[in-house]
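The values are calculated or read from the model by the stated rules, or taken from the named source; none is laboratory data. All values derive from a computational prediction rather than experimental measurement. Quick reminder, even Gly has a Cβ in these numbers, built from the backbone with ideal geometry, and neighbours come from all protein chains shown. To get the accessible areas, we keep the full protein, side chains included, count just its heavy atoms, and leave off ligands, DNA and RNA. Shrake-Rupley method; radii C 1.70, N 1.55, O 1.52, S 1.80 Å.
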Amino acid sequence: MILRRVARPLLAAVFITGGLNAIRNAEGHAQAAEPFLSENVLPAAEALPVETDPVAVVKFDGAVKVAAGSMLALGRFRRLSSLALLTSITATTVAGHPFWEKRDQGERAQEQVQFLKNAGLAGGLLLAMADTEGEPSVGWRAKRAARKARKQVEDTTAKATGAVESVLPN
């Protein structure tokens, strides 16, 4: 459908450009991420089996956005790429736009707008994850397979019962 071919690249564009910007300007973005990687917010961060250097985390997040955004725009691995982008935008939104901490009303309003914009993008990603392109969902296919299997077992049981009854004397 033409709608999907237009909507996915439009949704993905903000992630691709944001990811490229994060990779190019990782040091600036790392300042926002640092409090969430510090011991104050993430206790025992050094014990985690992942990189906690803010610049490296920002670059990784940017790479995820570029890769997953490109895949979404091309319509490849749509659900997986949408999930990756949803995970990324959730972390980015909480780390980068904590409007609830701002005292200045102007700054608070600006951060709240960015927070809500990201929430809207998250909604678009949820829709992209749920889109089956007209194909039956996995849940529907599983229920259908279970019904067919149950019917086959019932038919086989009925045939076996009939065969046994025909052999037994009256």
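Of the listed requirements (1) outside any loop (DSSP other than H, G, I, E, B); (2) open to solvent by 90 Å² or more (accessible area, probe 1.4 Å), Thr156 misses just one: (2). Is there any pair linking a residue in region 1-16 that is under 10 Å from Gly124 (Cβ atoms) and in contact (Cβ under 8 Å) with a residue 24 or more places away in the chain to one that is of a type in the set (Lys, Arg) and in a helix (DSSP H, G or I), with Cβ under 8 Å and at least six apart or on different chains, and which? Sorted first by the residue in region 1-16, then by its partner, the pairs are Arg8/Arg78.
Within region 129-141, restricting attention to residues that are open to solvent by 60 Å² or more (accessible area, probe 1.4 Å), in a helix (DSSP H, G or I) and not aromatic (Phe, Trp, Tyr), which residue is farthest from Leu80 (Cα to Cα)? If you could, list the steps in order and put the result at the bottom.
Initially, region 129-141 is screened for residues open to solvent by 60 Å² or more (accessible area, probe 1.4 Å), giving 130, 133-135, 138, 140-141.
Still in the list and also in a helix (DSSP H, G or I): 130, 138, 140-141.
Still in the running and not aromatic (Phe, Trp, Tyr): 130, 138, 141.
On the way: Ala130: 11, Val138: 14, Arg141: 19 Å.
The extreme case among them is Arg141.
With on the phi > 0 side of the Ramachandran plot and modelled with pLDDT of 85 or more as the only criterion, which of Gly69, Gly62, Gly75 stands out?
Values: Gly69 fails: on the phi > 0 side of the Ramachandran plot; Gly62 fails: on the phi > 0 side of the Ramachandran plot.
Only one candidate passes the filter, namely Gly75.
When restricted to residues that are closer than 22 Å to Phe60 by Cβ and either among the acidic types (Asp, Glu) or not in a helix (DSSP H, G or I) (or both), region 76-112 contains 4.
Here region 1-40 is the region considered, the condition is being open to solvent by less than 80 Å² (accessible area, probe 1.4 Å) and part of a loop (DSSP other than H, G, I, E, B), and the residue that is modelled with the highest pLDDT is Asn25. Looking at the structure I just gave you, is Ser88 open to solvent by less than 60 Å² (accessible area, probe 1.4 Å), within 19 Å of Leu3 (Cα to Cα) and modelled with pLDDT of 90 or more? No.
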